[in-house]
């Protein structure tokens, strides 16, 4: 039986991955000095996830919807609420305060990420069940309109 040779493409991919992991490790070790570069990489990763989700939704299914940006915002806001240190919450929520059951609750980032993902998925399911009954263009308009007509105005989603 003939053994498959390790192709050049796999080798180049492995070298590139090791190089990227090395750069990320260096940046993490020197995070105080390279906080701006880390911030740029984090935002780039977030936008890459958004681009892939838009490609999956619009490219493969043919549905037009801007609603996933709103669901992503719900998840991000949930992570922010759950990870704010308890001692600084008074300075963050100085206008209306915070719900009493969240006032003294803080969790680690990885747990907040899981909770926020499940919460955003639940909200998406609640909104998605009736929206999925609509056809083509109406589903995109309905999904976008839900976030545009939110009490915070057009700040929730940029929909024209």
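None of the figures in this text is laboratory data; all of them are computed from the coordinates on show. Predicted model, so just to flag it, every value in this text is computed and none were measured. For neighbour counting, all protein chains shown are included, and Cβ atoms are generated from backbone atoms with ideal geometry for every residue, glycine included.
Reported to two decimal places, what Rg/Rh ratio describes the range 6-122 when computed on Cα atoms with Rh from the Kirkwood expression? Before the final figure, lay out each step's value.
Values: Rg = 18.9 Å, Rh = 17.6 Å.
Ratio of gyration radius to Kirkwood radius for the range 6-122: 1.08.
Cβ neighbours within 10 Å, averaged per peptide: list 77-89, 47-59 in order, most packed at the top.
Working: 77-89: 14.6, 47-59: 11.9.
Answer by packing, highest mean first, reads 77-89, 47-59.
Which of the three applies to the range 7-62, rounded, prolate or oblate, going by the alpha-carbon gyration tensor with a ≥ b ≥ c and a/c under 1.5 meaning rounded?
Working: a/c = 5.55, a/b = 1.30, b/c = 4.26.
It is oblate, given that a/c is not under 1.5 and a/b is not larger than b/c.
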Worksheet item: So for the pair residue 132, residue 109, with labels modelled 7 Å out along Cα→Cβ, what separation do we get in nm?
Response: 3.3
Worksheet item: Taking Cα centroids, how far is the range 103-136 from the range 18-47 in Å?
Response: 28
